[in-house]
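What follows is a short report on a single structure.
The values are calculated or read from the model by the stated rules, or taken from the named source; none is laboratory data. The structure displayed is predicted, hence computed values, not measured ones. Cβ: placed from backbone, ideal geometry, glycine included. Neighbour counts: every protein chain shown. Each accessible area value is taken on the protein alone, full model and side chains, heavy atoms only, with ligands, DNA and RNA left out. Shrake-Rupley method; radii C 1.70, N 1.55, O 1.52, S 1.80 Å.
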Amino acid sequence: MRDGKIQTRKRILAAAQRVLAERGPSDPAVAEVMAAAGLTVGGFYAHFPSKDALMLEAFRQLLSMRREGVAAVDPKLAGVERRALMAAFYLSRRHRDTPEACCPLPSSLAEIARMPDGFRQALAEHIELMVAQMSSAPEEADTALADLALMVGGLSLARALGPGELSDRVLRAAKSAVI
């Protein structure tokens, strides 16, 4: 692939990631993603066979970036300490209030069941890898899975409520349950 084509593909994926993180994989139109990338719709099919293919690749990349962030947390920390640190960031007002630059799960989970199977496969792989990163021993896996579910559910509910006292309470309650 030529350098120019590679760079254009990266721009399209970056635009798709921003929109997906904010609104999920099914809502944005190809024209919207292409406009966000500073391109016209006409060139889309030179890079992706379909909108679903674009959004799946963007989803996979976003999930991978989230795991890279978790991997950057001090590996010497015990699993419970790592999860507490993650919860402090994940269940914060800042993370709640900037969905375009955050975890794509709260905006995507309700749609995954209606998307092609690749989305479910990407989600399942991500969950398994996150649980492994959040655990320092095999016997912690179920606790890590429950904490992950609590964090994603808490952030989803807080985002749905929007900024305000009840939303803040949801964040604090979920965070204290993990910690």
Estimated [θ] at 222 nm from DSSP helical runs (n ≥ 4, -39500 (n - 2.57)) normalised by residues in the chain, nearest 500: -23000 deg cm²/dmol
Neighbour net charge for Met151 - beta-carbon separation under 12 angstrom, K R +1, D E -1: +3
Per residue Cα convex hull volume in Å³ - calculated over the range 76-171: 103 Å³
Highest-MSF residue in the chain out of Gly153, Gly43, Gly162 [GNM, Cα springs under 10 Å]: Gly43
Angle in degrees between helix 141-161 and the longest Cα principal axis of the chain, rounded to the nearest 10: 70 degrees
The chain - percent relative contact order, Cα under 8 Å, separation 6 or more: 27 percent
The range 100-179 versus the range 1-69: alpha-carbon centroid distance in Å: 23 Å
Equivalent ellipsoid dimensions for the range 28-77 as semi-axes, Å, which come from the Cα gyration tensor, largest first: 32, 11, 8
Low-density loop positions, trypsin sites (Lys or Arg not before Pro), the range 91-167 - DSSP coil, at most 14 other Cβ in 10 Å: Arg114
Simple label model, 7 Å out from Cα along Cβ direction - Ala160 to Ala124, nm: 2.5 nm
Relative compactness, the chain, computed as alpha-carbon Rg over 2.2 N^0.38 Å: 1.10
Choice from Ala37, Ala141, Ala72 with maximal GNM fluctuation in the chain (Cα, 10 Å cutoff): Ala72
Fraction in percent of alpha-carbon pairs per bin - 10 Å, the range 101-147: 25, 45, 27, 3
Rounded accessible area per residue of the range 84-179, 1.4 Å, Å²: 51 Å²
